[in-house]
Amino acid sequence: PGARAAWTTGQHTLTVGGKARTFILALPATLTPGAALVLVFPGYSDSAAGIRRTAAFTPLVAEHGFVAVYPQGSVDARGKTFFNVGYAFHADERVDDLRFVRELVARLVTDLRLDPRAVFATGMSNGGDISYLLAAQRDPLVRAVGPVAGTMMTSWGRDVALPAPIPVLAVHGRRDEITRWNGDPENRDGWGAYLPVDA
C-alpha cells in the first residue's frame, strides 16, 4: 500500500544504471488491480510532455481505467531527445533504453498491481521505433504495439525470432519523407538502414 500510494499522476524519476530517468504517469481516478499499462513514447527531439498533449490518452485513461506512462528520452550529442534504437548517428551512444523500460515496467506493475500480461506500447516516429524494438525482444516486453510512423532498423529487425506472434497496429503514410514507406535499405537519409513498412 505504501508503494502504491507513492505513485500519483505527474512527473516522476527512476534511477536506472546510475542515471536519473524521468517519465510522466497518468492514473485513473480509481485504479483496479490487474489494470493494463500503456507506454507512450515521443518522437526524436520531442518530450514526454509533448506526446502527452498530442496523443490524447488522458480521456481514455479516465474512461477505461488503464495506466499510461510517457517516458522521457535522453539527450544526444546534437542536443536532441531520443530513444536508442540504433540510428547510425547514435553509434557512440551507450544509453540502454531497453533496460530503462524493463525496470520502469517492472516497478509500475509491482507497485500498482498491474497485469504484467497487459503491457502495451505506442509512440510517434522514434517512439514508434522503440515500440517495435520492445516487441522484437526474445522475451518481449509488451503484449502488442501500435507504432505511428515507426520502423524497424535492419540491424535488429531483419532476423526477429519471437516465441509467439506480437499483434501490431502500424499507422503510417505513404508520403512520409522521414520514415519512408519503402524503407531506406541503403541509408541514403543517414538514420541507418531500415525496413519497408510492409516488411
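The values are calculated or read from the model by the stated rules, or taken from the named source; none is laboratory data. Please read all numbers here as calculations on a predicted model, not as lab measurements. Using ideal geometry, Cβ is built from the backbone for each residue, glycine included, and neighbour counts are taken over all protein chains shown. Ligands, DNA and RNA are excluded from the accessible area calculation, which covers all protein heavy atoms including side chains. Shrake-Rupley method; radii C 1.70, N 1.55, O 1.52, S 1.80 Å.
Within region 60-80, residues that are among the hydrophobic types (A, V, I, L, M, F, W, C) sit with their Cβ atoms under 6 Å from residues that are part of a helix (DSSP H, G or I) and crowded, with 18+ Cβ neighbours inside 10 Å, at 6+ positions apart or across chains, in these pairs: 68/61.
Quick check, is residue 131 among the polar types (S, T, N, Q) and open to solvent by less than 30 Å² (accessible area, probe 1.4 Å)? Yes: the conditions hold for residue 131.
Rundown of residues vs (1) closer than 13 Å to residue 126 by Cβ; (2) aromatic (Phe, Trp, Tyr); (3) under 13 Å from the mean Cα position of the chain (by Cα); (4) surrounded by 14 or more Cβ atoms within 10 Å (Cβ to Cβ), yes/no style:
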residue: 30; (1), (2), (3), (4): no, no, no, no
residue: 35; (1), (2), (3), (4): no, no, no, yes
residue: 45; (1), (2), (3), (4): yes, no, no, yes
residue: 50; (1), (2), (3), (4): yes, no, no, yes
residue: 63; (1), (2), (3), (4): no, no, no, no
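Kindly indicate the residue of region 82-115 that is outside any helix (DSSP H, G or I) and closer than 20 Å to residue 9 by Cβ and also most open to solvent (accessible area, probe 1.4 Å) among those meeting that condition. Top of the filtered list is 113. Scanning region 155-167 for residues that are in contact with a Pro (Cβ under 7 Å, 6 or more places away or on another chain) and either open to solvent by 40 Å² or more (accessible area, probe 1.4 Å) or within 22 Å of residue 73 (Cβ to Cβ) (or both) yields a single hit, 162. Considered as a group, the residues in region 116-126 that are touching a residue at least 40 places away in the same chain (Cβ under 8 Å) and either open to solvent by 20 Å² or more (accessible area, probe 1.4 Å) or under 18 Å from residue 76 (Cα atoms) (or both) include one that is nearest to the chain's Cα centre (by Cα), and that residue is 122.
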